[in-house]
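Nothing in this text is a laboratory measurement; each read-out follows from the coordinates by a stated rule. As the structure is a prediction and not an experimental result, all values here were calculated from the model. Note that each Cβ is placed from the backbone with ideal geometry, even for glycine, and that neighbours are counted across all protein chains shown.
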Amino acid sequence: MRRTNQIGWLFVAPVLLLVAFNALIPLMTVVNYSVQESFGDNVFFWSGLQWFEQLLNEDRFHAALGRQLMFTGIILAIELPLGVAIALCMPKKGPFVPVCLVLMALPLLIPWNVVGAMWNILALPEIGLLGYGLNAAGIDFNFTQSPVDAWITIVAMDVWHWTSLVVLLAFAGLSAIPDAYYQAARIDGASRWSVFRHIELPKMKRVLTIAVLLRFMDSFMIYTEISVLTGGGPGNATTLLSIDLVKKALGQFDLGPAAAMSLVYFLITLLVSWLFYTLMTRGEQ
Amino acid sequence: MTLELRQVALEVGGETHIHPTDLRLERGGFNILLGTTRAGKTTLMHLMAGLERPTAGQVWFEGRDVTGISVRRRNVAMVHQQFINYPSLSVFENIASPLRVARMARAEIDARVREAADLLKLTPMLGRRPDELSGGQQQRTAIARALVKDADLVLLDEPLANLDYKLREELREELPRLFEAKGAVVVYATTEPSEALLLAGHTATLHEGRVTGFGPTGALYRAPGDLLTAQVFSEPPINLGRVEKRGGRVALAQDGAALAEWDAPAALSEAADGTYTMGLRPHFVQPANGSGLPEVEGRVLVTELSGSESVAHFELAGQPWVSQAHGIHPFEVGLTARFALETARAFYFDGAGRRVGS
């Protein structure tokens, strides 16, 4: 027979209360809005799943979701291999380790809106070092007019801002590998590639799982930097999900559709995170 | 096969890790490196393997100078204290890995891996990954990897230290049998004198990067050449006392007063009069029983009773001493007790630490 100890609930009650206040209650408010039609003067009508149906059939939402997936896919494909590569190149011992770590951590310490503003100024074709430089070198570059240039700029900004996180995590994973593994590999005569494939990569697997999850979630919800840098433009070229959502909620004040979109957005993030986690930890106890 | 170190030394950043060392290790029987943690056992092994290059001296193998040759081009196998296997490969692939690098034929790899797995009782585990194995099985996998390679030099760096008691006993018995058939030079590092004695073969004692003594294990234990060797090769620690030798008599003295006195052995009576250091192993210090041996009195500090033996730590002439006796002897902590010294088994060391008569 299994005895359940009811007093346990008493001990977790404060945490449950806290979670209720800062997560569940706001979430329920959103659920509340998502099934109602709102007018001025606090007048609400029940509208059922209408907003959800509308959203899921909306081209605008499909386009934003597509751009979002493309953005996240591109930056994951760049930042993970690049981060691991940089971590492999970093010195493992000696006085340069702290220097490298601090240099790597610098972009992470800059507030998001500042990053957006920095890259905006940097990439401006008239005055920016990068934008002006490229144009001076004969490359036609204008992120305020060309969608391709805008995409290059936001991807470059995100890679600059967040690759460091992958580097730090991968470096932590690498530092945890005892020297004896490398000695054993040398004694076996293993190649550099096998050392990476059969020692370093499996030993980094856990931290890389964390890196993928963090980078997925952060990039999937990215707002501030892109909002400051391109504002979603030119046109809607860089209007990712969160930017679209804010336009809907604050720009048009469509509370119901925006709430429905928030929920769908949240569920997608949750689902994809769970998928990543399950796939990457498969085969472990 | 012979591995020879000729004046091999290692300095790192102005710090001497290994003092110039001469050592000649033969195949057949284990060559044991005995010393405490950080005595330089692992570093010496790295120098033997070619994982590190000595800053002075030469390493010779089979009459060939191999000093500058990297470990990749020597035929070396090593088992570490930690269980080192490729985490993502199956046990089979782990054991096969050195053979795959050597581009051996598939059928031969299969046969060799299965043979080694059979010897190490790993056959049912061949399809598993290392993290699905117990510690003992992980270390067996590492040992199998060293075994299949048919290496000329096998380095076992405290391979049993991280295993529990039972597994350690079991593997310690198997190891010599497994590797002796291979005809390699086998080097085994350990911190435990009892392990060295159990494995027999030859032993080199290490202290702070210096080989203090080398010889057949039993002989080195019975007749260490100097004080450091006797200290390294004793557990519990060997008892030390300052003795005065006058003519044919030896006295254990404190502040001019003799605590005990006895006839000097032949080797010592020929030496000059003066102060010597006596070394007496703990099992030659017994609870007094009126057998006529020189006796001393000491205050008991700590006692340890196991099923079959009693260990008493006591203070004698300001030095910590240990008595290790068969059977159960009730000592009262804090009280003085009398101990008999089997002085005929004592070592005497001169001012430079050399054993008198060695």
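Could you name the lysines whose alpha carbon sits less than 25 Å from that of B:LYS121, not counting residues in the same chain fewer than 8 places away? Hits, sequence-local ones excluded: B:LYS149, B:LYS166, B:LYS182. State whether segment A:1-147 is rounded, prolate or oblate according to the following rule on the C-alpha gyration tensor (a ≥ b ≥ c being the square roots of its eigenvalues): a/c under 1.5 gives rounded; otherwise a/b larger than b/c gives prolate, and the remaining case gives oblate. Because a/c hits 1.5 or more and a/b fails to exceed b/c, segment A:1-147 counts as oblate.
A Förster radius of 30 Å, combined with the Cβ-Cβ distance separating A:SER38 from A:ASN236, puts the computed FRET efficiency at roughly 0.75. In a reduced charge model with +1 at each Lys and Arg Cβ and -1 at each Asp and Glu Cβ, segment A:59-280 shows a dipole moment near 740 debye about its Cα centre. Which one of B:PHE347, B:LEU199, B:ALA251 has its Cα pushed farthest toward the positive end of the charge dipole of the protein assembly as shown, where Lys and Arg give +1 and Asp and Glu give -1 at the Cβ? In the protein assembly as shown, that residue is B:LEU199.
Once the GluC sites (Glu not before Pro) in DSSP loops with at most 16 neighbouring Cβ atoms within 10 Å are cut out of chain A, the longest remaining piece is A:127-283. Distance from the alpha carbon centroid of segment B:1-37 to that of segment B:104-182 works out to 25 angstrom.
For chain B, the longest principal axis of the alpha carbon atoms and the long axis of helix B:135-148 meet at an angle near 70°. Note on B:ASP118 and B:ALA257: the model spin-label points, each 7 Å out from Cα along the C-beta direction, lie 7.2 nm apart.
Taking 7 Å steps out from each Cα toward its Cβ at B:ALA105 and A:PHE253 produces label points 8.5 nm apart.
Place +1 on the Cβ of every Lys and Arg and -1 on the Cβ of every Asp and Glu in the protein assembly as shown, take the dipole about the Cα centre, and give the residue among B:GLN82, A:PRO98, A:ALA184 whose Cα lies farthest towards its positive end. Sorting the options by dipole projection puts first A:ALA184. The magnitude of the dipole of segment B:2-232, with charges of +1 and -1 set on the Cβ of Lys/Arg and Asp/Glu and taken from the Cα centre, is near 580 debye.
Sketch the reach of a paramagnetic label on B:ARG338 as a point 7 Å from Cα along Cα-to-Cβ, and name the residues of segment B:281-301 whose backbone nitrogen lies under 12 Å away. Those under the cut-off are B:287-298.
Each stretch of four or more DSSP H residues adds -39500 (n - 2.57); spread over every residue of the protein assembly as shown, this sum gives -13500 deg cm²/dmol at 222 nm. For the pair segment A:82-117 / segment A:4-37, the C-alpha centres are spaced 38 Å from each other.
Straight-line cross-link partners of A:LYS205 among the lysines, defined as a Cα under 21 Å from its Cα and at least 8 positions apart when in the same chain: A:LYS92.
When the protein assembly as shown is described by a simple charge dipole with +1 on each Lys and Arg Cβ and -1 on each Asp and Glu Cβ, the residue from B:THR277, A:ALA172, B:ALA142 located farthest towards its positive end is B:ALA142. Candidate cross-link partners of A:LYS248 among the aspartates and glutamates, defined by an alpha-carbon separation under 19 Å and a same-chain spacing of 8 or more, comprise A:GLU37, A:GLU53, A:GLU58, A:ASP59, A:GLU225.
Between A:ALA172 and A:LYS93, the modelled labels are 2.3 nm apart [label points 7 Å from Cα along Cα→Cβ].
Going from the fewest other Cβ atoms within 10 Å to the most, the residues A:PHE61, A:PHE45 appear in the order A:PHE45, A:PHE61.
When only the Cβ of Lys, Arg, Asp and Glu is charged (+1, +1, -1, -1), the dipole of the protein assembly as shown relative to its Cα centre reaches about 1120 debye. Annotation note: GluC sites (Glu not before Pro) in segment B:239-342 located in DSSP loop regions with a Cβ neighbour count of at most 12 within 10 Å are B:GLU270, B:GLU332.
FRET efficiency for the A:ARG197 to B:GLU180 pair, using the beta carbon distance and R₀ = 41 Å, is estimated at 0.70.
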